[in-house]
Amino acid sequence: QVQLVESGGGLVQPGGSLRLSCTASGTGFSIYAKAWYRQAPGKQRELVAQITMGDTTTYADSAKGRFTISRDNAKNTVYLQMNSLKPEDTAVYYCNLGGAVHGYWGQGTQVTVSS
């Protein structure tokens, strides 16, 4: 069983930065694909960024050039560095290990971009 705990969300002004962290308990962290999703009010959950076991990264078009996903297997932690934040980035951000259908989810962390 894997449990995920996210942190790092908050209120930030447009143009600002945040770094989200997701730490996993349990074993097998390194073998899972890791991803960040987000869900804005009234919208479906969407994939923001993903990193595979082989460190291949993919990003939503909205995140390219602004967000960076990374992981530290020694710390069982995956990160999402978010720069140049926009009001449309406002959402609850969720960490995922092992895929959207059968994987594990964190509880979510709120990111609000507003002046």
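The values are calculated or read from the model by the stated rules, or taken from the named source; none is laboratory data. Predicted model only: the values in this text are computed from it and were never measured. As a convention, Cβ positions derive from the backbone with ideal geometry for all residues, glycine included, and neighbour counts pool all protein chains shown. Areas reflect the complete protein model, heavy atoms only, side chains present, ligands, DNA and RNA absent. Shrake-Rupley method; radii C 1.70, N 1.55, O 1.52, S 1.80 Å.
Quick notes
- Per the conditions (1) outside any loop (DSSP other than H, G, I, E, B); (2) modelled with pLDDT under 95; (3) surrounded by 12 or more Cβ atoms within 10 Å (Cβ to Cβ), the sole criterion not satisfied by Ala74 is (3).
Conditions (1) part of a strand (DSSP E or B); (2) of a type outside the set (Ser, Thr, Tyr); (3) within 26 Å of Pro87 (Cα to Cα); (4) out of contact with any Leu (no Cβ under 9 Å at 6 or more places or on another chain), marked per residue:
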{"residue": "Gly16", "(1), (2), (3), (4)": "no, yes, yes, no"}
{"residue": "Cys22", "(1), (2), (3), (4)": "yes, yes, yes, no"}
{"residue": "Pro41", "(1), (2), (3), (4)": "no, yes, yes, yes"}
{"residue": "Val48", "(1), (2), (3), (4)": "yes, yes, yes, no"}
{"residue": "Asp55", "(1), (2), (3), (4)": "no, yes, no, yes"}
{"residue": "Lys64", "(1), (2), (3), (4)": "no, yes, yes, yes"}
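Results for (1) open to solvent by 30 Å² or more (accessible area, probe 1.4 Å); (2) touching a Gly at 6+ places or on another chain (Cβ under 9 Å), shown as yes or no for each residue.
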{"site": "Val2", "(1), (2)": "no, yes"}
{"site": "Val5", "(1), (2)": "yes, yes"}
{"site": "Ser17", "(1), (2)": "yes, no"}
{"site": "Leu20", "(1), (2)": "no, yes"}
{"site": "Thr27", "(1), (2)": "yes, no"}
{"site": "Ser30", "(1), (2)": "yes, no"}
{"site": "Lys34", "(1), (2)": "no, yes"}
{"site": "Ala40", "(1), (2)": "no, no"}
{"site": "Gln44", "(1), (2)": "yes, no"}
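- Given (1) at pLDDT 95 or above; (2) closer than 21 Å to Val2 by Cβ; (3) assigned to a loop (DSSP other than H, G, I, E, B); (4) among the hydrophobic types (A, V, I, L, M, F, W, C), number of the condition Cys95 does not satisfy: (3)
- Subset of the range 77-92 (residues that are in a strand (DSSP E or B) and either under 18 Å from Tyr32 (Cβ atoms) or in contact with a Gly (Cβ under 6 Å, 6 or more places away or on another chain) (or both)): Thr77, Val78, Tyr79, Leu80, Val92
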